[in-house]
Structures are given as structure tokens and as C-alpha cells.
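Shown below is the structure under consideration.
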Amino acid sequence: MDHKEFREINLASPCGFYCGTCRHYLARDKGLLKEKNLKHGCMGCRIQDKNCAFIKKDCTLIRKKEIDFCFECKDFPCDNLKKLDQRHSIDDNVIMIDNLLQIKEIGAKRWLKGQEDKWRCPICGGNICVIDRECYDCGQKIDPSYKQ
């Protein structure tokens with residue numbers, strides 16, 4: 001993956017999470033670190049070389065950058081990804097394995113555009129944090145079952 005493509009897909013994490021809905025990314029992006037009681041924030045998994053921090057420690061292929069997304073692995077979905085997927089599907093209404101299959105089918109750029117649209121606040125059009133279940137632009141609380 002070249003540098004331009006890398007920057008364009010920065011918010012599509014290797015594990016299928018859309019970083020644009022993460023509290024650490026949004027708080028940094030919106031200048032809300034202090035308000036959200038966070039020290040550093042995040043610029044996205046890829047740009048900070050985190051490469052899906054929850055899986056990286058156990059995945060040599062991601063750690064060594066031999067694959068860009070988990071679906072490229074012969075063991076997809078591995079047990080680590082299944083655990084992470086289960087947690088995010090229950091806690092955040094995010095099904096990472098489905099996201100990865102969609103990225104594989106339509107490509108990361110198109111998937112990202114869909115995610116940007118999907119996670120827009122229905123009140124102001126701002127950015128929804130799936131973890132805090134609120135819009136980081138207008139503060140509107142979002143129903144935990146929110147899905148478009």
C-alpha cells in the first residue's frame with residue numbers, strides 16, 4: 001500500500017472497526033480531550049501505527065505489516081478477532097467481521113464513505129461516538145440500538 005492510499009484508509013482499521021466513531025479519535029479531532037478526560041487521543045490505528053492494538057500483540061501478520069486487513073489472513077476470522085467482534089457487537093452495535101467482509105467486497109474507500117454516512121448524528125449531522133453513544137458535535141445522546 002502506498003503512502004497516499006495509506007492515509008486515505010487510515011480510519012479503516014485492520015480489524016474492521018471504523019476509527020471515525022472511536023472516542024479517542026473524535027475527542028482529539030474535535031478538541032475535546034480535556035472535556036472527555038483523555039490525555040492523548042488518537043489519529044487512527046494506521047497513522048499511529050497501532051494496527052488494531054487489540055489484535056496486533058497476537059498477530060504476526062499485522063504486526064509485520066504483511067496484510068492490511070484481517071480478511072487477508074488464511075485463518076480469518078481468528079479467535080482473537082471473534083472475541084473482539086463479539087465485544088463490539090454487544091457493546092457498540094458494530095460487527096467487525098461483517099465490516100471486513102464488506103471492505104473485501106467493495107473496497108476500503110467506498111466502505112469508509114458508507115461509514116461516514118452511517119454514523120452521522122440524525123440531529124445535527126455531526127459525528128457519533130459509538131462508545132459513548134453521543135454526538136461529539138451537538139452532545140445529543142444516541143439510543144444504544146442506533147443503526148441506519
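The values are calculated or read from the model by the stated rules, or taken from the named source; none is laboratory data. Since we're looking at a predicted model, the values are computed, not measured. Reconstructed Cβ throughout: ideal geometry from the backbone, glycine too, with neighbour counts over all protein chains shown. Just the protein is used for accessible areas: all its heavy atoms, side chains included, with ligands, DNA and RNA removed. Shrake-Rupley method; radii C 1.70, N 1.55, O 1.52, S 1.80 Å.
When only residues in region 24-44 that are assigned to a loop (DSSP other than H, G, I, E, B), open to solvent by 100 Å² or more (accessible area, probe 1.4 Å) and not polar (S, T, N, Q) count, which is nearest to residue 133 (Cα to Cα)? Walk me through it before giving the result.
Let us first name the residues in region 24-44 that are assigned to a loop (DSSP other than H, G, I, E, B), namely 30-44.
Checking which are open to solvent by 100 Å² or more (accessible area, probe 1.4 Å) leaves us with 34-35, 37, 39-40.
If we keep only those that are not polar (S, T, N, Q) as well, we get 34-35, 39-40.
Working: 34: 18, 35: 16, 39: 20, 40: 20 Å.
So, considering only residues that are assigned to a loop (DSSP other than H, G, I, E, B), open to solvent by 100 Å² or more (accessible area, probe 1.4 Å) and not polar (S, T, N, Q), the one nearest to residue 133 (Cα to Cα) is 35.
Follow-up. Looking only at region 121-136, which residues are assigned to a loop (DSSP other than H, G, I, E, B), of a type in the set (A, V, I, L, M) and closer than 12 Å to residue 26 by Cα? Walk me through how you get there before you give the answer.
The initial filter retains those residues of region 121-136 that are assigned to a loop (DSSP other than H, G, I, E, B), namely 121-126, 130-133, 136.
This time we only want the ones that are of a type in the set (A, V, I, L, M), so: 123, 130-131.
Listed by number, the residues that qualify are 130, 131.
Looking for whichever is modelled with pLDDT under 90, surrounded by 15 or more Cβ atoms within 10 Å (Cβ to Cβ) and under 14 Å from residue 20 (Cβ atoms) here; the options are 92, 132. Which one fits? Full working, then the answer.
Details: 132 fails: modelled with pLDDT under 90.
Among 92, 132, only 92 is modelled with pLDDT under 90, surrounded by 15 or more Cβ atoms within 10 Å (Cβ to Cβ) and under 14 Å from residue 20 (Cβ atoms).
Continuing with this model, one more query. Given the residues 113, 82, 104, 109, which is the only one that is at pLDDT 90 or above, farther than 15 Å from residue 18 by Cα and assigned to a helix (DSSP H, G or I)? Don't jump to the end; show me each part of the working.
Numbers: 113 fails: farther than 15 Å from residue 18 by Cα; 104 fails: farther than 15 Å from residue 18 by Cα; 109 fails: farther than 15 Å from residue 18 by Cα.
Sole residue among the options that is at pLDDT 90 or above, farther than 15 Å from residue 18 by Cα and assigned to a helix (DSSP H, G or I): 82.
Continuing with the same structure: Please work out which one of (1) at pLDDT 90 or above; (2) closer than 17 Å to residue 133 by Cα; (3) not in a helix (DSSP H, G or I) is the condition residue 16 fails and give its number.
The number of the failed condition is (2).
Give all pairs with beta carbons closer than 9 Å in which a residue from region 28-39 that is touching a residue at least 40 places away in the same chain (Cβ under 8 Å) meets a residue that is surrounded by fewer than 16 Cβ atoms within 10 Å (Cβ to Cβ); count only pairs at least 6 apart in sequence or on separate chains.
32/38
Related question: Is it true that residue 86 is without any contact (Cβ under 8 Å) to a residue 24 or more places away in the chain and either buried (at least 17 other Cβ atoms within 10 Å of the Cβ) or more than 24 Å from residue 38 (Cα to Cα) (or both)? Walk me through how you get there before you give the answer.
On the way: without any contact (Cβ under 8 Å) to a residue 24 or more places away in the chain: yes; either buried (at least 17 other Cβ atoms within 10 Å of the Cβ) or more than 24 Å from residue 38 (Cα to Cα) (or both): yes.
In short, yes.
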